[in-house]
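Trainee: Got a structure here, written out as structure tokens. Questions coming.
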Amino acid sequence: MPSLIPDVATFERRLEGLPVVKHRARELVLTAGSKTGALVFLRSGAVEVVKDGVQIASVNAPGSVFGEQAVLLDQPHTADVRTLEQSEFYVADAPAILARDPTVALYVAAILARRLDAANRWLVAVKRQLQIGEPPSLIAKAVEKVEELLSYGGRDPTGW
């Protein structure tokens, strides 16, 4: 059975027709509390994700998506996304692209499923650490990993 997750070439073709926005280093791409209705895909560069003044992720994998949680839950963005270096992004009107292109919808769903799966595995690891009485410093490291996975950490399911 073929994979539901699109391969890199297929997904890249889907994005090629989208507008490309360029940002210099240290510029905000998305702001916590705002509601853009956009999906933003990293084309090149690197960003940090900052929530409540704390960096929770650093992302440089092309194809990484931002804004999906806000769009799918119909809520404001929960974190700032700021460039670490000059970066380029494909920007899509989320409702339009998700409705007309199932490949993009599957891609976003796969990213979210992968994050949830990894976070669940780390949650089990943290619970086991608590049960055996691991030192708080080790448990804190595992909790940080869960936070990273639930936000934007890890590579996208396409391997980008």
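Trainee: Could you give the accessible area per residue of segment 82-152, probe 1.4 Å, as a whole number in Å²?
Mentor: 59 Å²
Trainee: Sequence-distant or interchain residues sharing an amide H contact under 5 Å with Ala32, placed H: which?
Mentor: Ala79, Asp80, Val81
Trainee: Tell me, what ³J(HN,Hα) does each residue in segment 30-41 have, in order and in whole Hz, if you take phi through Karplus 6.51 cos²θ - 1.76 cosθ + 1.60 with θ = phi - 60° and put x for Gly and Pro?
Mentor: 10, 10, 4, x, 8, 10, 9, x, 10, 9, 10, 10
Trainee: Using 0.36 nm per residue, how much length does the chain from Lys141 to Arg26 gain when fully extended, once their Cα-Cα distance is taken away?
Mentor: Gain on stretching Lys141 to Arg26: 38.7 nm.
Trainee: Using a 1.4 angstrom probe on heavy atoms only, work out the carbon and sulfur share of the accessible area of segment 34-138 in %.
Mentor: The C+S portion of the solvent-accessible surface of segment 34-138 is 55 percent.
Trainee: Still on this structure: Hey, can you grab everything whose amide H is under 5 Å from the amide H of Ala38? Only 5+ residues off in sequence or another chain; H modelled, so Pro and N-termini drop out.
Mentor: The list, which skips near neighbours in sequence, is Ala94.
Trainee: Starting from 0.36 nm per residue, how many nanometres of slack lie between Gln75 and Asn120 once their C-alpha separation is accounted for?
Mentor: 13.8 nm
Trainee: Which is farthest toward the positive dipole end of the chain among Leu73, Ile97, Trp122, measuring Cα position about the Cα centre, with Cβ charges +1 (Lys, Arg) and -1 (Asp, Glu)?
Mentor: Projecting each Cα onto the dipole axis, the largest value belongs to Trp122.
Trainee: Let me ask another. Can you run phi through the Karplus equation (6.51, -1.76, 1.60; θ = phi - 60°) for segment 66-74 and list ³J(HN,Hα) in whole Hz, with x for Gly and Pro?
Mentor: Values, residue by residue: 10, x, 5, 5, 4, 5, 5, 9, 6 Hz.
Trainee: Taking 0.36 nm per intervening residue step and subtracting the Cα-Cα distance, what contour gain separates Ser34 from Lys127 on full extension?
Mentor: 30.0 nm
Trainee: Return the FRET efficiency for the residue pair Glu88, Glu134: r is the Cβ-Cβ distance, R0 is 45 Å, and the value is rounded to the nearest 0.05.
Mentor: The value I calculate is 0.60.
Trainee: Please get the size of the charge dipole for the chain, origin at its Cα centre, with Cβ charges of +1 on Lys and Arg and -1 on Asp and Glu, quoted in debye to the nearest 20.
Mentor: The calculated dipole for the chain is roughly 200 debye.
The values are calculated or read from the model by the stated rules, or taken from the named source; none is laboratory data. Please read all numbers here as calculations on a predicted model, not as lab measurements. Virtual Cβ from ideal backbone geometry, glycine too; neighbours counted across all protein chains shown. What goes into the accessible areas is simple: the full protein's heavy atoms, side chains included, and nothing from ligands, DNA or RNA. Shrake-Rupley method; radii C 1.70, N 1.55, O 1.52, S 1.80 Å.
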